[in-house]
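Reviewing the structure listed below.
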Amino acid sequence: MSEFQPKILGFLCNWCSYAGADLAGVSRIQYRPNIRVIRVMCSGRVDPVFIINAFLRKIDGVMVLGCHFGDCHYLNGNYNAEKRILAARKLLSLTEIEKDRLYLDWVSAAEGERFANLVNTFTERIKNLGEIKINDGTKEMLLAVKDVLEGERFRHLTGVEYQVTEKENVYGEKIPVEDFEKKLEQILYEEYIKARILRLLQNNELTIPQIAQKLNTALDFAFKCVCSLQENNIVEMKGIRNGYPIYSANKY
Amino acid sequence: MNTQKIGAVLVVGGGIGGIQASLDLANSGFKVYLIDSAPAIGGIMAMLDKTFPTNDCSMCIMAPKLVECARHLNIKIIPDAKIEGLSGDAGNFQVKVRKKARYIDAKKCTGCGECKKHCPIEVADRFNQGLTRRKTIYIDYPQAVPAVYAIDKNNCIGCGVCEKLCLAGAINYKDTDIVENINVGAIILSPGVDVFDPKVYTKFGYGIYKNVVTSLEFERILSASGPFSGHLLRPYEGKIPKKIAFIQCVGSRDPQVGKNYCSSVCCTYAIKEAIIAKEHSKNGLETTVFYMDIRTFGKGFEDYFNRAKEEYGVRFIRAGVSKIEEISETKNLILYYENEEGAIKKEEFDMVVLSVGLVPKPDMWNLSRILRVNLNNFNFCRTSEFIPVDTIRDGIFVCGTFAGPKDIPETVAQASAAAGRAMALLTESRGSLVAKKKYPDEVDVSNEKPRIGVFVCHCGINIGGYVNVPEVVEYVKQLPDVVYAENNLYTCSQDTQKRIIEKIREHKLNRVVVASCTPRTHEPLFRETIREAGLNQYLFEMANIRDQCSWIHMYEPESATEKAKDLVRMAVAKARLLAPLKRVEIDVIQKALVIGGGIAGMSSALLLAEQGFEVFLVEKENELGGNLRHIYKTVENRDVRYFLNQTIEKIRANKLIKVYTNARIKEITGFVGNYRTKISVGKFEDEEIEIEHGVVIVATGAQEYKPTEYLYGKDSRIITQRELEEKIFNHSTTEFFNDKTIVMIQCVGSRDNERKYCSRICCSQAIKNALNLLEINPDANIYILYKDIRTYGFKEELYRQAREKGIVFIRYDDAKKLELQTENGKLKIKIFEPILKEDLIIDPDLIVLSSGIIAEPNNAEIAKMLKVPINSDGFFLEAHVKLRPVDFATEGVFLAGMAHSPMTIAESIAQAQAAAARATTILSDKKYYAEATISSVNEELCAGCGMCGALCPYEAIVYKEKDGKKISSVNEALCKGCGTCVASCPSGAMTQYGFTKKQIMAMVEAL
Ligand code: FES
């Protein structure tokens, strides 16, 4: 049997990392042939939804490479990219898809060799992780991640993170990154579970204990999530079973 | 005889200065000939690893400009060229240019590099400072422009192998020098400099001790594309150094080697190299800088210096190094130096970097003879403080380091200024020589099903040798919507362009994909081609199967072929979804608003008016002149009053300039090309005026700091430098005959805890005033108490004079504070004298405080109105500290003079002329063309949350009300097309043309 050849996708920004990749070529630095590159103008354009879609289509690993901080052709696109991609990695860590399948780094136009090394290392890492496992279970998880990524909360928070942690918020204050990240982590977890619940309830009518068991979360947390979904009229109560209300998704 | 001026300019030297001048000229209606003595443009900046004080990657920020030069329709690059003769006058010069034989036909060479692989002869590589070797058929650096090889005839043995290998048939051994006559209206000199050759100093052993290198060699060592691939190794045996010493002022500030000037950049670049070196080495590298004075006088430099000390632990020792000895077994180096206390010390290092100065190129004397321009004592071009980019010869301008040592942003500013001066001279001929391409009308393909043509390039054997091109072509043919596919030996060659056009017509193609090299350099070419065939240029997509495929998988032809197929498939998938795009045209109001009537504002206004543009000049005081009203003589002893009055007269006499004094900006609305501004005029704001204009130049100036320290304001014997200058020139001189002892204190209100930055001009100002005082009263004892003397550039000469004339310089610093007291009505200063190692008491009759420069307090207000940033010190923040010194990120707004940072009169004028030239690139065209691949809002979906606006660095998102809800909309003139807003829109309402979600997803799905 021939050895596993992972499929790798790279998003490179036009001005630095793509130029670095070109330089690797011009310098004839040989590296692993697994990567396929999509060029965008700035790493800021990379919507994490693209990445989840790639995973769903059995791409084994995704690299996002932008300019080093300070070098972004559009001033701060890469700062925003960082916040967004790292948050997406956090979300992945909630699933059974290894978060290390998503990699973010910076490559300058002069770093041809570094680019090649990054690709090699990443290819090797994905090889060790093996083929991406897309089955009904992981698919559900990725779809839930995708829901979160498309959601307003994710986009708002990752959108403002750079501004409020590195510069200043509307009060002229700076929020410590650790505080923000901690909060973000909690919110991402909640959003993810909510997305999972909603997907479950689309085709099933379930009680809180059933949900908690399926998603492997605490009862009270599952309840809290369902309540919030219900508040927004996305989930409704359908009746009672074994002393618990049963819920399903609101079809309208 | 034809007296019409020639609408073309010759730019001599293609470093960053020459590149900037060329682009500004070509973008405002002039034909440019850019000549360089090297085989490629790029100059010294192309050799740098990082740039100070932001540690930006040099190549990253420069490459886009190189590419723009290369593909600009109105810039003709002539490499390997030098000037041999000149006739004619300003407006109409005939320049005789000799172009050295290159032995390679630039039109045919594709830069593939097959030749170099097989060339048998190697020589030292000039570009890598001789640290590596290159072949005799070579290209300077991978990103070189033009991307054409050259044969180094002096070293070539003529074996003929390259000709046999070159499939493009580009080798021409019979090539000869060509002498050409070029007809231009003006000339801009930007030939740059060399670095000092330290072999002169035998004490350092450079050239003998292998581990003693110059700073430029060290720069190459640090560079990722340098000799050691960016690993910090010492040159002797590749050992990782643990202790590196930097020696400053090698070939600078030394009359003994004929270089009594300061090279201005070495302190800050040494700091940069020390920082970068530390970042390179994981296991602790010690760096030590030996210096006389640290001259970090530029914007943000002092902070950089402080960070180097405090954050990075770079060690700074104020000492002269008297000799270096090599230890023969280890090849380590022993430095002998004398410290401030006069003690001789020695210390071992394993590598030494000599911070070499900047020196004029050897043939400058010759060039100056041909052009009849003057050189100064050091063979730099002579200029004058009030016309900083003019030479003595009309129509010949100068910029960059040839006019004196300087850093990149100053070079760039001068380059724009020189371009501006040339524009003003040749205004009547603007647009007369520029080529405008005529394109056939665009065919409307919007209702057609995609019909894609794919052209796969062999690139000689560069792709074809590793990727099975015919197989790729066959594969491509069966992809959806592909109706035609073929392979070409060189898809980029002239004849293939014709072929592509034919095929578009023959097969009614409405999308084109080229699979070849990188879109970064070749996309514009192919877009042109399909435009000529009547297609919208954005119906084009490229697959990079060379730089990112065949070249990097040379030993895996199968994988490479598979990858090539994938890449083309992805490109085709995107091509199917491409839509025609347009660059939106915006009408430009060809008038300018200049805020601030100081020397910067006035200089900008004049340069614009000379080109026929109307200018509104707004000054908040009741007269023009700004800070110049308080200055009498420049450091070179020129009469400032006379110059100021002359300038104001010129302004008043120019009908195109409308001056508003006692005026305040109330409101600015609009965007590039279309601003509307309300100004209130009069002491009591009695009148409100509304004006319309296309650009804004911010020249609000700065102020002298009013000291609160050293009893200032409490004792009349304590005054500031500005007050002293008024006294010297305004009062009867007898006043000073009684003042026997005068003490000047430097850095008052600068480089302290509150204002960390250096005010740049106070050292020279103090010395200037001290020398003037001595003239009046030769018996005076003058002491200057300083932290570092920062007489950069040619001002160093002033410092030497001052010491010669007996002015006493004593150093103090924050640790050894000086004390000022009054005792029985007498002033007493106590200061620690480091050489005598004891406290010195001085009883001065007069104390002069060299108080710093502070930002104008109402900058914040103007910044808010224009939506441009200011830094923490209150000065305006330019778009890019290196390459866009007078631009703001917001298109159409520019910056000049002390609003940017403290600077001299000459520097202010150069910046002002630069800002005017940059503004001209917009004003000279009735239309402004926005980018095509910009964002756009789906108004139905937009929830009005404002996330996009918060993220946009260009203020390109505006909010408007529609049907009772607030929504975002994109200002097409301002959007630069990064796509960050699209990726963060919570409602999926944003899209980026040319990079839509659908298109990117199609590429992902095609994988
Ligand atoms: S352009 Fe490279 S990250 Fe923005």
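For this structure, a couple of remarks:
- Checking A:Ile85, A:Ile132 one by one, the residue that is away from the ligand (no atom under 16 Å from the Cβ) and β-branched (Val, Ile, Thr) is A:Ile132 and no other.
- Members of the stretch B:492-517 that are among the hydroxyl-bearing types (Ser, Thr, Tyr) and modelled with pLDDT under 90: B:Ser493, B:Thr496
- From B:Asn366, B:Asn306, B:Asn377, residue being open to solvent by 10 Å² or more (accessible area, probe 1.4 Å) and in a loop (DSSP other than H, G, I, E, B): B:Asn377
- Test for B:Gly431: is it surrounded by 24 or more Cβ atoms within 10 Å (Cβ to Cβ) and either assigned to a strand (DSSP E or B) or not charged (D, E, K, R) (or both): no
- With respect to the conditions (1) charged (D, E, K, R); (2) within 11 Å of the ligand (Cβ to nearest atom); (3) on the phi > 0 side of the Ramachandran plot, A:Arg45 falls short on a single one, namely (3).
- Every pair of residues 6+ apart whose Cβ atoms lie under 7 Å, when the first sits in the stretch A:114-131 and is more than 18 Å from A:Asp22 (Cα to Cα) and more than 14 Å from every other protein chain (Cβ to nearest Cβ) while the second is in a helix (DSSP H, G or I) and open to solvent by less than 10 Å² (accessible area, probe 1.4 Å): A:Ile126/A:Arg101; A:Leu129/A:Arg101
- If only residues of the stretch A:1-13 that are open to solvent by less than 10 Å² (accessible area, probe 1.4 Å) and more than 22 Å from A:Val145 (Cα to Cα) are counted, the one that is nearest to the ligand (Cβ to nearest atom) is A:Cys13.
- Per-region count, the stretch A:75-88, residues open to solvent by 10 Å² or more (accessible area, probe 1.4 Å) and either on the phi > 0 side of the Ramachandran plot or within 7 Å of another protein chain (Cβ to nearest Cβ) (or both): 2
Condition check ((1) among the hydroxyl-bearing types (Ser, Thr, Tyr); (2) in a loop (DSSP other than H, G, I, E, B); (3) surrounded by fewer than 20 Cβ atoms within 10 Å (Cβ to Cβ); (4) within 15 Å of the chain's Cα centre (by Cα)) across all residues:
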position	(1), (2), (3), (4)
A:Gly137	no, no, yes, no
A:Phe154	no, no, no, yes
A:Val170	no, yes, yes, no
A:Asp179	no, no, yes, no
A:Ile240	no, no, yes, no
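- Matching residues, the stretch B:644-656, being within 32 Å of the chain's Cα centre (by Cα) and either open to solvent by 90 Å² or more (accessible area, probe 1.4 Å) or under 24 Å from B:Glu856 (Cα atoms) (or both): B:Leu644, B:Thr647, B:Ile648, B:Lys650, B:Ile651
- Output for the stretch A:147-163, where each listed residue is without any contact (Cβ under 8 Å) to a residue 24 or more places away in the chain and over 12 Å from B:Ala950 (Cβ atoms): A:Glu152
- Count of the stretch B:661-676 residues which are in contact with a Lys or Arg (Cβ under 8 Å, 6 or more places away or on another chain), more than 15 Å from B:Gln590 (Cβ to Cβ) and in a strand (DSSP E or B): 7
- Single condition A:Gly25 does not satisfy, out of (1) facing chain B (nearest Cβ under 8 Å); (2) within 13 Å of the ligand (Cβ to nearest atom): (2)
- Which listed residue is at pLDDT 95 or above and either open to solvent by 10 Å² or more (accessible area, probe 1.4 Å) or within 9 Å of the ligand (Cβ to nearest atom) (or both), from A:Asp100, A:Asp60: A:Asp100
- Any hit, the stretch B:815-826, residues being within 43 Å of the chain's Cα centre (by Cα), open to solvent by 60 Å² or more (accessible area, probe 1.4 Å) and at pLDDT 90 or above: no
- Residue tally, condition over 28 Å from B:Gly793 (Cβ atoms) and surrounded by fewer than 21 Cβ atoms within 10 Å (Cβ to Cβ), over the stretch B:311-349: 20
- Apart from one condition, A:Thr95 fits all of (1) open to solvent by 10 Å² or more (accessible area, probe 1.4 Å); (2) more than 9 Å from chain B (Cβ to nearest Cβ); (3) within 16 Å of the ligand (Cβ to nearest atom); the exception is (3).
- Looking across the stretch A:63-74, the residues that are near the ligand (Cβ under 8 Å from one of its atoms) and within 7 Å of chain B (Cβ to nearest Cβ) come down to A:Cys67, A:Asp71, A:Tyr74.
- Of the residues making up the stretch B:830-858, those that are open to solvent by 20 Å² or more (accessible area, probe 1.4 Å) and outside any loop (DSSP other than H, G, I, E, B) are B:Lys830, B:Phe832, B:Glu833, B:Glu838, B:Asp839, B:Leu840, B:Ile841, B:Ile854.
- Entry remark, the stretch A:32-42: residues being within 16 Å of the ligand (Cβ to nearest atom) and open to solvent by less than 10 Å² (accessible area, probe 1.4 Å) number 3 in total.
- Residue in the stretch B:558-572 that is over 30 Å from B:Val696 (Cα atoms) and not in a helix (DSSP H, G or I) present: no
- Residue in the stretch B:911-932 that is surrounded by fewer than 21 Cβ atoms within 10 Å (Cβ to Cβ), within 14 Å of chain A (Cβ to nearest Cβ) and part of a helix (DSSP H, G or I) present: no
- Here B:Glu709 fulfils each of the conditions (1) more than 29 Å from B:Glu823 (Cα to Cα); (2) surrounded by fewer than 16 Cβ atoms within 10 Å (Cβ to Cβ) apart from (1).
- B:Arg234, sole failed condition from (1) open to solvent by 10 Å² or more (accessible area, probe 1.4 Å); (2) in a loop (DSSP other than H, G, I, E, B): (1)
- Residues that are at the interface with another protein chain (Cβ under 7 Å from one of its Cβ atoms) and open to solvent by less than 10 Å² (accessible area, probe 1.4 Å), drawn from the stretch A:48-57: A:Phe50, A:Ala54
- Test: residue in the stretch B:959-975 that is small (Gly, Ala, Ser), away from chain A (no Cβ under 11 Å) and under 30 Å from the mean Cα position of the chain (by Cα): yes
- Considering the stretch B:950-980, and only residues there that are of a type in the set (D, E, K, R) and on the phi > 0 side of the Ramachandran plot, the residue that is surrounded by the fewest Cβ atoms within 10 Å (Cβ to Cβ) turns out to be B:Asp963.
The values are calculated or read from the model by the stated rules, or taken from the named source; none is laboratory data. For clarity, every value in this text was computed on a predicted model and none was experimentally measured. Cβ sites come from the backbone with ideal geometry, for glycine too, and all protein chains shown count toward neighbours. The protein model used for the area step is the full one, side chains on, heavy atoms only, and it has no ligands, DNA or RNA in it. Shrake-Rupley method; radii C 1.70, N 1.55, O 1.52, S 1.80 Å.
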